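One structure below.
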Amino acid sequence: MNIKYRVDLSQEEREDLEGMLKGGKLAARKLVRAQILLAADKGISDEGIAGTLQVSGSTIYRTKRRFVEGNLDGALSDEPRPGAERKLSTKETALLAATACSAPPPGRARWTLELLADEMVKLTDHDDLSRETVRRRLAENQLKPWRRTKWCVPKVDGEYVARMEDVLDLYAEPPDPLRPVICFDESPTQLIGEVREPIPAKPGQLERYDCEYRRNGTVNLFIFLDANSPWRKVKVTDRRTNKDFAECMRDLVDLHYPLAPVIRLVMDNLSTHSAGALYDAFPGHEARRILKRLEFHYTPRHASWLNKVEIEIGVLRGQCLDRRIKDKAFLVSEIAAWEKRRNDDGATIDWTFTTEKAREKLKKAYPVKES
């Protein structure tokens with residue numbers, strides 16, 4: 001007998017389901033069941049629900065039945081599925097996670113699934129354990145012991161926080177053409193030539209290039225980025241000495257921003273990024289003339305993410321430099337074309353991280369807590 005189940009949601013249940021749909025962060029199956037219940041509560045027929053949501057009649061039937069015979073949580077959740085019991089208990093899974101986080105066996109650089117499976121056989125009463133069982137239990141704890149990532153550990157102290165907030169406050173200020181904020185950095189780039197000419201792409205065949213290449217040396221890129229307007233400038237040099245840095249600063253004040261009384265410069269703590277570099281390169285009166293128009297703002301150590309130009313360098317490498325470029329002349333012409341297009345398109349960096357957000361998200365990093 002085909003039993004009809006009638007769904008009558010309370011106001012609280014209705015609001016809960018509507019909130020789930022607005023959030024949109026739950027599993028797709030759960031969201032579909034919420035839509036089924038809301039539609040059934042409005043009196044829409046099973047055929048109408050099936051046609052609108054593109055679900056089967058059996059799915060609608062089971063969802064309504066589990067709501068009527070049980071409760072809202074039961075209707076939204078998956079029913080227990082038949083299958084073999086989990087091979088590892090809760091305690092054994094915890095032991096596996098602890099083992100994966102420990103030092104690997106002597107002679108091995110890191111744990112593998114096979115090594116962990118063998119180790120768990122030694123530590124528990126299981127006669128055998130598959131690598132897939134180990135992988136699934138590790139995945140539940142978001143562990144991948146065979147992978148690692150490089151990370152610069154910053155020293156978070158009062159100096160770190162002070163520099164961070166100084167830079168963030170600069171970004172938050174209204175644009176002032178007489179006191180522009182310029183983000184500055186540099187990046188080395190290899191010149192790579194082909195040993196054999198690539199074979200161009202054609203229908204049905206990708207471009208092919210030889211894995212062997214010729215290294216033609218390196219050059220350095222000095223990158224300027226206006227924090228508040230669509231302007232960037234890339235200067236290609238053979239080196240990145242004090243003299244090269246000083247010449248970039250002279251270009252900034254004399255060529256790029258000749259009318260600005262003060263230029264506020266955001267940069268990292270590289271040894272060449274200093275006032276002394278200008279005195280190493282120019283006579284005293286010339287160095288002083290340039291420095292009087294510059295105001296240096298340094299990012300914290302190991303916090304290059306605070307410099308907007310780092311984002312721009314990523315765009316430059318992805319859009320222009322992700323290929324083999326054999327000589328400096330061609331590199332300069334390609335970067336100039338990229339730079340002109342970015343400037344003409346009005347491209348800017350959409351920066352949303354503020355001092356207020358830093359105090360909220362990084363509050364544990366502040367040496368003295370807010371009272």
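The values are calculated or read from the model by the stated rules, or taken from the named source; none is laboratory data. Everything numeric here is computed off the predicted structure, so don't read it as measured data. Cβ placement follows ideal geometry from the backbone for every residue including glycine, while neighbour counts extend to all protein chains displayed. Ligands, DNA and RNA are stripped out before the accessible areas are found, and what is left, the full protein with its side chains, is counted by its heavy atoms. Shrake-Rupley method; radii C 1.70, N 1.55, O 1.52, S 1.80 Å.
Key figures
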read-out	value
Filter result for Ala246 (modelled with pLDDT of 95 or more, over 22 Å from Ala172 (Cα atoms) and surrounded by 20 or more Cβ atoms within 10 Å (Cβ to Cβ))	yes
Exclusive hit being farther than 25 Å from Leu143 by Cα and basic (Lys, Arg), set Lys91, Lys87, Lys122, Lys64	Lys64
Selection from region 108-142 of residues that are part of a helix (DSSP H, G or I), open to solvent by less than 40 Å² (accessible area, probe 1.4 Å) and in contact (Cβ under 8 Å) with a residue 24 or more places away in the chain	Leu113, Leu116, Met120, Thr133, Val134, Arg137, Leu138
Matching residues in region 31-44 - criterion: being part of a helix (DSSP H, G or I) and more than 17 Å from Arg65 (Cβ to Cβ)	Leu31
Of all residues in region 318-371 being among the basic types (Lys, Arg) and in contact (Cβ under 8 Å) with a residue 40 or more places away in the chain, the one that is surrounded by the most Cβ atoms within 10 Å (Cβ to Cβ)	Arg342
Search result, residues across region 1-29 that are modelled with pLDDT under 85, in a loop (DSSP other than H, G, I, E, B) and basic (Lys, Arg)	Lys4, Lys25
